[in-house]
Structure formats: structure tokens, C-alpha cells
1. Go through the stretch 60-81 and report how many residues are under 17 Å from Gly7 (Cα atoms) and under 16 Å from the mean Cα position of the chain (by Cα).
2. Tell me the residue from Asp77, Asp105, Asp71, Asp100 that is surrounded by fewer than 19 Cβ atoms within 10 Å (Cβ to Cβ) and in contact (Cβ under 8 Å) with a residue 60 or more places away in the chain, please.
3. So, in the stretch 79-116, how many residues would count as being touching an Asp or Glu at 6+ places or on another chain (Cβ under 7 Å) and at pLDDT below 95?
4. With the structure loaded, tell me whether Ile15 is outside any loop (DSSP other than H, G, I, E, B) and crowded, with 17+ Cβ neighbours inside 10 Å or whether it fails that test.
5. Does the stretch 108-133 hold any residues that are among the β-branched types (Val, Ile, Thr) and either free of Cβ contacts under 8 Å to residues at least 60 places away in the same chain or touching a Lys or Arg at 6+ places or on another chain (Cβ under 6 Å) (or both), and which are they?
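The values are calculated or read from the model by the stated rules, or taken from the named source; none is laboratory data. Given the structure is predicted, the values throughout are model-derived calculations rather than measurements. Every residue, glycine as well, gets a Cβ built from its backbone with ideal geometry; the counts of neighbours run over all protein chains shown.
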Amino acid sequence: MKLFTIGTERKKPDIFFALLEKNGVKRVVDIRLKNTRGMVTWLNKEELKFFLARVANIDYVHELRLAPTEDILAMKDWTKYEPAFKALIASRHIETLRGDLHDDDCLLCYENDPAECHRGLVAEYLKAKCGDIDIVHLQNPDVARHRRSRQ
């Protein structure tokens, strides 16, 4: 199974939708805890669901079982965030969701860099537990990698 991931940070709509379409994404699995309001309105849950269907014929689902808690989300230090989130997804036994995921699904969150975003942790956990997952991180090629400044 191929599982994509994408972050919305610093992505313009044309790049975002082009990355999804170019890679054959069939469904976006939104794993953000907070997805109903923000300054970038096209990324709000209902608007995103509408545009995915209308612009790219891509399905949308919001999966809170793969989202951090408020307490974890508020952590500013990745060295604390990462183990706390890993413990959370282990306690939730998210590997049982493997049957709900489909080939060419794409985990969506905010951070540009999957190495410091919970979508990367979710994907790696699922691969370690299920074994039959190829992870592809979709990133904007003209946006330089940066490390999250959580300190």
C-alpha cells in the first residue's frame, strides 16, 4: 500500500492540488486536531473538502484518532512532543485503523517537514506495525526545508 503525507504550511493552493493530482492521491485523510478555522480559509475543513472534490476529484475524511491532544499540540519542544505523541498513538492502537486506510490515501497536517510533524510519526508507526506500507512525503520542491522552531 502506498501512503502519502502532505503538510499545508507555506503551500499555495495550485501547488497543493498539483502535488496531490500528480501523485494520484485518491483521498485526503485530515489528521489535524484543529481544522475548522484559520487565516487560510481554503484549508478549513468544509472548504478543503469542497475544493478537493471539485478541483481534483479527491475524497476527504477527518480522522481525529490520528490527531494529537490539546496538551500535546501545545508542546513547544519537539524532543518532548515526539515521545508524547508516540505514546498516545500506541495507546490508541492506531494500527487497527489499517483496514480503514486505502492505497493512495494521503495524511494531511500542517508542518512542511514530515520529520517534525505528527503525520510522519503516524506513517512510520503504521509501517512498523503493519509492514505493507510505502510512505511518500509530498513536499513543495521550491520551499527549502526548515526545522520547526518550537522553543
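1. Residues meeting the conditions: 9.
2. Of the residues listed, the single one that is surrounded by fewer than 19 Cβ atoms within 10 Å (Cβ to Cβ) and in contact (Cβ under 8 Å) with a residue 60 or more places away in the chain is Asp77.
3. Result for the stretch 79-116: 3.
4. no
5. Ile133
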